[in-house]
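Okay, so here's the structure we're looking at.
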Amino acid sequence: MGSAYIISAVRTAGGRRNGRLSGWHPVDLAAEVLDEVVRRAGLDPALVEDVVMGCVNQAAQQSANIARGAVLASGLPQSVPGTTLDRQCGSSQQALHMAAATVISGNMDVVIAAGVESMSRVPMGLPERLGAEAGLGGAMSPRLLARFPDSFSQFVGAEMVASKHGLSRAELDAYALESHLKAAAAANAGAFDAEILPIDFEGPDGTAERHAVDEGIRFNTTLEGLQGLKTLSPDGVLTAGTASQICDGASAVMVVNEAGLRASGVKPLARLHQMTVTAGDPVIMLEEPLFATDRALQRSGLRIEDIDLYEVNEAFASVPLAWLRHTGADPAKLNVNGGAIALGHPLGSSGTKLMTTMIHALAARGGRYGLQTMCEGGGMANVTIVERL
């Protein structure tokens with residue numbers, strides 16, 4: 001069997017809702033990272049054979065196959081196809097898996113995996129709301145309702161995870177504080193500089209400015225401030241401070257096989273070592289990364305202690321904390337530069353965003369293996385293990 005390599009990886013800095021990236025149409029924002037990932041690879045754009053792009057809320061400005069729109073808005077030749085996929089929060093991580101599988105098969109040699117989400121311009125849940133307002137119904141069919149009479153809720157699932165794994169409000173608040181502290185330290189040290197594509201935006205006074213620092217980081221966060229927040233539900237333990245931030249962003253990685261590697265003439269950043277996706281209980285929903293990690297490790301022949309860095313998406317603080325308890329992983333290796341609680345979770349972009357961050361963090365620390373996992377709506381989870389080269 002062939003191999004899949006990542007030869008370049010880039011992301012925008014996260015933009016807060018109605019913040020620095022909100023002036024960008026998501027098609028154009030995605031085009032920016034497509035151009036940059038090609039530039040960083042030093043590859044002839046004509047060699048790109050496909051773009052696979054994750055995007056969750058595919059309505060309005062993110063409709064009509066945004067991947068193809070991004071290609072046409074970029075410097076890539078119009079002969080490059082594009083397809084958009086939705087595996088909820090893991091959409092661009094799944095895009096990476098699809099790109100890797102395609103080049104491993106030998107059917108293509110060079111594929112870009114990417115993701116984009118403008119949560120300012122296309123709010124979360126907009127497709128469902130548009131359907132309801134038009135009188136066209138929703139996603140819950142009669143058979144689905146008969147089997148699962150309660151609507152699926154990530155907020156309920158996050159509370160269920162916290163309860164099942166015995167996580168207290170104090171533990172969740174402390175974890176959120178650490179996310180901000182690590183992200184602030186990384187930003188101040190320039191740890192994100194190599195992975196971020198600065199994006200121009202218009203400042204409040206109309207002057208041109210550059211967005212190069214994740215806008216969601218609260219550099220002065222305190223435990224007392226987090227403790228003062230109300231819980232999302234009256235009898236719950238989660239707050240807005242222990243949930244991921246709404247975010248705008250785009251990201252991309254260039255995936256090649258041996259032939260693509262020869263064509264590029266560059267040293268690969270990493271090799272895709274193992275790719276897993278599993279599904280479980282859609283009600284508790286957010287717990288599946290625990291079990292997907294078990295399967296990925298078993299299939300890879302690695303133990304959790306063999307992994308140098310872990311990126312577990314911080315959809316809610318209960319998810320990585322439950323993952324730590326289940327796997328017995330070293331907390332010092334987890335989300336070492338902070339996570340979505342501080343940096344934001346731009347839904348369809350988060351998969352390749354986290355991969356970009358993990359690859360750069362592995363290089364900075366001289367690590368070999370990195371493991372990334374993401375909880376996803378419907379009770380699914382992707383796991384990707386890479387080997388830095």
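The values are calculated or read from the model by the stated rules, or taken from the named source; none is laboratory data. Worth saying up front: this structure is predicted, and the values here are computed from it rather than measured. With ideal geometry, Cβ positions are generated from the backbone for all residues, glycine too; neighbour counts draw on all protein chains shown.
Give the number of residues within the range 249-276 that are over 22 Å from A381 (Cα atoms), at pLDDT 95 or above and not hydrophobic (A, V, I, L, M, F, W, C).
4
Residues being under 19 Å from V277 (Cβ atoms), part of a loop (DSSP other than H, G, I, E, B) and among the hydrophobic types (A, V, I, L, M, F, W, C): count how many of those fall in the range 294-346.
3
Can you tell me which residue among F192, F148 is within 25 Å of the chain's Cα centre (by Cα) and touching a residue at least 12 places away in the same chain (Cβ under 8 Å)?
On the way: F148 fails: within 25 Å of the chain's Cα centre (by Cα).
Result of the check over F192, F148: F192.
If you check every pair at least six apart or on different chains, which have Cβ atoms under 6 Å apart with a residue in the range 322-336 that is more than 11 Å from E178 (Cβ to Cβ) first and a residue that is at pLDDT 95 or above and among the aliphatic types (A, V, I, L, M) second?
A322/V161; W323/L290; W323/V312; H326/L290; T327/I304; A329/I304; K333/L309
Of all residues in the range 41-58, which are buried (at least 17 other Cβ atoms within 10 Å of the Cβ) and more than 14 Å from L76 (Cβ to Cβ)?
G54, C55, V56, N57, Q58
Mind checking whether some residue in the range 179-191 is of a type outside the set (K, R) and either in a strand (DSSP E or B) or under 28 Å from L43 (Cβ atoms) (or both)?
Of the range 179-191, the ones of a type outside the set (K, R) are 179-181, 183-191.
If we keep only those that are either in a strand (DSSP E or B) or under 28 Å from L43 (Cβ atoms) (or both) too, we end up with 190-191.
Checked against the condition, which is being of a type outside the set (K, R) and either in a strand (DSSP E or B) or under 28 Å from L43 (Cβ atoms) (or both), the range 179-191 yields at least one hit.
Have a look at E171, E224, E215 and point out the one that is surrounded by 12 or more Cβ atoms within 10 Å (Cβ to Cβ), part of a helix (DSSP H, G or I) and among the acidic types (D, E).
From the options E171, E224, E215, the qualifying one is E171.
Give all pairs with beta carbons closer than 9 Å in which a residue from the range 258-284 that is among the acidic types (D, E) meets a residue that is modelled with pLDDT under 95 and not in a helix (DSSP H, G or I); count only pairs at least 6 apart in sequence or on separate chains.
Final answer for the pair search is E258/G2.
Residues that are under 15 Å from H273 (Cα atoms), at pLDDT 95 or above, aromatic (F, W, Y) and more than 12 Å from the chain's Cα centre (by Cα): does the range 361-377 have at least one?
Taking the range 361-377 and keeping what is under 15 Å from H273 (Cα atoms), we get 362, 367-373.
The next check asks that each one be at pLDDT 95 or above; those that pass are 362, 367-373.
Then drop every residue that is not aromatic (F, W, Y), which leaves 369.
With more than 12 Å from the chain's Cα centre (by Cα) added as a condition, the list becomes 369.
Yes: one or more hits.
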